[in-house]
Structure formats: structure tokens, C-alpha cells
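**Student:** Supplied in C-alpha cells, the structure appears directly below.
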Amino acid sequence: MQIIRDISPLAPEPCVATIGFFDGVHAGHRYLIRQVKEIAAAKSLRSALVTFPVHPRKVMNAGYRPELLTTAEEKINLLADIGADYCLMLDFTPDISRLTAREFMTRVLKKRFQVQCLVIGYDHRFGHNRSEGFEDYVRYGKEIGIEVIQAKAYANHIEMEDGEHTTVSSSLIRKLLHKGNVDLAAHCLGYEYFLDGTVVGGYQVGRKIGFPTANLSVDDPDKLIPADGVYAVWVTFDGKTYMGMLNIGVRPTIGNAPHRTIEVNILHFHSNIYDKFIRLTFVKRTRPELKYDSIDELIVQLHKDAEETETILKNTFVCKRHL
């Protein structure tokens, strides 16, 4: 996949494109992108994805915190795996925000990015105030020479805990992660949610009670952190992957409040990894964060947590191996 930014002198070949922020590059996004690729192949054109490196709302409101499922780099890597020909990165600016849908289609899609066919997500709107809809896009397309096609909706609905069925969306995945439901979030994403960051110095309390932890500083402050609690995770660094027991929270038994930390105990691992870049891949939340009456009671629980974590991850590895 070739990445072309709007300030680049390069221009894509004539293409079939779709537009979106694609946060998380989830199953619904992948279904839309597959349609773009199929239409492009049928028309003997290139396939292209028009997206933004920074969330549009953050550009318009510097105080807005988007709680990203993927950073810009992570998003590009996930999109590249799907195999579109171009990722067309458009810097969203106040000037861009003021363009009507027709102006955007003319100036950006037609003239800058050589779009000959635009595939619209089934519920997607663009242009100033998002006041226009699919029929308007079709009409503008006929006037300026862009065929406009409405994509099929992603039909695989997700069954929630209350039995309700709902469509996959970035908003739904954020809600699931806020509840700690990382396994259902993974089903919606098509991969397990992950956090990237650097190991930094912590309070070293875990070392004193027999459970040394690596304290993670997440690389992007806008990345969503799942709900407080204990998780079974994979820990990856230096090209190797280890089993990990992760705690997110304020460590109420020790009295760490109000400082929220992300600390992982890497099972059967004892080396110093300060300043290492690591990835935490979430598999399952095993329990919420709880306050215990004593450190001894906490230690007993941590031993149980470690056993449960190891069982979960070993079973997960076996399942993946037999896919």
C-alpha cells in the first residue's frame, strides 16, 4: 500500500475510493474496504482509502480527547494488511471543514486524488455540517464525473450481554473496552486490542511482595485504556512474546490513589526491561480491581490470578495454533 499525503507532489492513479477515519480498522471497516477492492478490480482501477492522521474533532477542538482505538501509525499498518493500493492521508483543517460535500468531491477527491468512483459507507456523511446525504453525493458526482456507489451494510451483528443485537462500530468497541470486555471487543475488531508503550520506573511494591511488574507509559495519550481490573495479556518485546498478568488501576490495597497505573507481571520472567518498548495484547479480563484487607490477602489473590492467567493464555495459544 502506497501512502500519499495531501502535501505530497505525488498523485495516485485513477482510483475507486472510500472515506473514513477508520479508527480501529474493525470488522465493519474491513467489509467496506473489501467492497472497494472488488469494485476497483471490476473497473480495472486502483483502490484507495481517504483518511485523516488526526481526529477531525480534535483539530476543531484542541481539548477534545478522542480515546483512539488505533494511533495513526497503527491504523496505517492495519490498513496495509488489508491490501488496498493507496492510503490517501488528508490533513483535516478548518478550511477543509468548511467545504461543502460538492466542493470536497471536486477539489479533493476529483482534482487532488483522481477519484473516479466513490464508495459511500451505508451510514457515512461528509461535507460542512454533514448536512447532505447519499442522493446529494450521487447528483454532485454526475455533475463532476465521479460515480457514487452505496456500500452494503455489514450484516454481522454482535450479541451483547443483555441479549440485544447491535452493529459493529468504533463507538461500540469503546464501550466494550470501558467495561473491560476485551474478548468481545476483539471479536468486533477482528484482532485483539493492544497498547504500545515504554517501560518506566514505578513504585517497586510488586517486587517486594514477589510479583515484580513493568510499569507501562503508553506512547499516545489519546489511546483508549480499558477499564480498571486484572487482565490476561500477551507481552511482546525484542521479537519475543511472553505471558503476562496485567493490572490497570489505582492499587487500592497499597494506597496508590489517585494515580492510575498500567503494570504487568511477566510470568516466569525476571530480567530488567526498563526503557524497553513493549506491546500488551489483551486476551481476557479476569476480575475487577479490588481492595483487600491486608497485603497478605492480596498476595494470596495474586497467586490465584497468576494461575488463572497462565491457564487462559495457554488455552488461547492452543486454540490459535489449531486455527
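The values are calculated or read from the model by the stated rules, or taken from the named source; none is laboratory data. On a predicted model such as this, the values are computed, not experimentally measured, just so you know. So basically every Cβ, Gly included, is an ideal-geometry build from the backbone, and we count neighbours across all protein chains shown. All accessible areas refer to the heavy atoms of the entire protein, side chains included, with ligands and DNA or RNA removed. Shrake-Rupley method; radii C 1.70, N 1.55, O 1.52, S 1.80 Å.
**Student:** Just to be sure I understand, how many residues within segment 1-18 are touching a strand residue (DSSP E or B) at 6+ places or on another chain (Cβ under 8 Å), farther than 13 Å from LEU79 by Cα and β-branched (Val, Ile, Thr)?
**Tutor:** Counting residues in segment 1-18 that are touching a strand residue (DSSP E or B) at 6+ places or on another chain (Cβ under 8 Å), farther than 13 Å from LEU79 by Cα and β-branched (Val, Ile, Thr) gives 2.
**Student:** Something else: Can you tell me how many residues in segment 80-89 are open to solvent by less than 50 Å² (accessible area, probe 1.4 Å) and closer than 20 Å to TYR191 by Cβ?
**Tutor:** The number of residues fulfilling the criteria is 5.
**Student:** So which residues in segment 281-305 are open to solvent by 70 Å² or more (accessible area, probe 1.4 Å) and in contact with a Lys or Arg (Cβ under 8 Å, 6 or more places away or on another chain)?
**Tutor:** none
**Student:** Considering segment 32-79 alone, what residues qualify as being assigned to a helix (DSSP H, G or I), modelled with pLDDT of 95 or more, surrounded by 15 or more Cβ atoms within 10 Å (Cβ to Cβ) and not β-branched (Val, Ile, Thr)?
**Tutor:** Result: LEU32, ARG34, GLN35, LYS37, ALA40, GLU74, LYS75, LEU78, LEU79.
**Student:** Please verify whether ILE278 is hydrophobic (A, V, I, L, M, F, W, C), farther than 21 Å from GLY190 by Cα, assigned to a loop (DSSP other than H, G, I, E, B) and open to solvent by less than 20 Å² (accessible area, probe 1.4 Å), treating the condition exactly as stated.
**Tutor:** Judged against the criteria, ILE278 is not a match.
**Student:** Kindly provide the set of residues from segment 142-179 that are assigned to a loop (DSSP other than H, G, I, E, B) and touching a Cys at 6+ places or on another chain (Cβ under 6 Å), ordered by number.
**Tutor:** VAL168
**Student:** Okay, moving on. Name the residues in segment 161-174 that are out of contact with any helix residue (DSSP H, G or I) (no Cβ under 8 Å at 6 or more places or on another chain), farther than 24 Å from LEU313 by Cα and without any contact (Cβ under 8 Å) to a residue 24 or more places away in the chain, would you?
**Tutor:** First, the residues of segment 161-174 that are out of contact with any helix residue (DSSP H, G or I) (no Cβ under 8 Å at 6 or more places or on another chain): 161-165, 170-171, 174.
Adding the requirement that they be farther than 24 Å from LEU313 by Cα leaves 162-165, 170-171.
Listed by number, the residues that qualify are ASP162, GLY163, GLU164, HIS165, SER171.
**Student:** Has segment 118-132 got at least one residue that is surrounded by 18 or more Cβ atoms within 10 Å (Cβ to Cβ), at pLDDT 95 or above and part of a loop (DSSP other than H, G, I, E, B)?
**Tutor:** Looking for residues that are surrounded by 18 or more Cβ atoms within 10 Å (Cβ to Cβ), at pLDDT 95 or above and part of a loop (DSSP other than H, G, I, E, B), one finds none in segment 118-132, hence no.
**Student:** Can you name the condition, by its number, that PRO9 falls short on among (1) open to solvent by 60 Å² or more (accessible area, probe 1.4 Å); (2) assigned to a loop (DSSP other than H, G, I, E, B); (3) closer than 28 Å to PRO226 by Cα; (4) of a type outside the set (Ser, Thr, Tyr)?
**Tutor:** (3)
**Student:** Just checking, how many residues over segment 180-215 are closer than 18 Å to HIS26 by Cα, among the hydrophobic types (A, V, I, L, M, F, W, C) and either modelled with pLDDT under 95 or assigned to a helix (DSSP H, G or I) (or both)?
**Tutor:** Selection size over segment 180-215: 6.
**Student:** List pairs: first residue in segment 183-201 and open to solvent by less than 10 Å² (accessible area, probe 1.4 Å), second residue among the charged types (D, E, K, R) and not in a strand (DSSP E or B) anywhere in the structure, Cβ distance under 6 angstrom, at least six positions apart or on different chains.
**Tutor:** GLY197/ASP219; VAL199/LYS276
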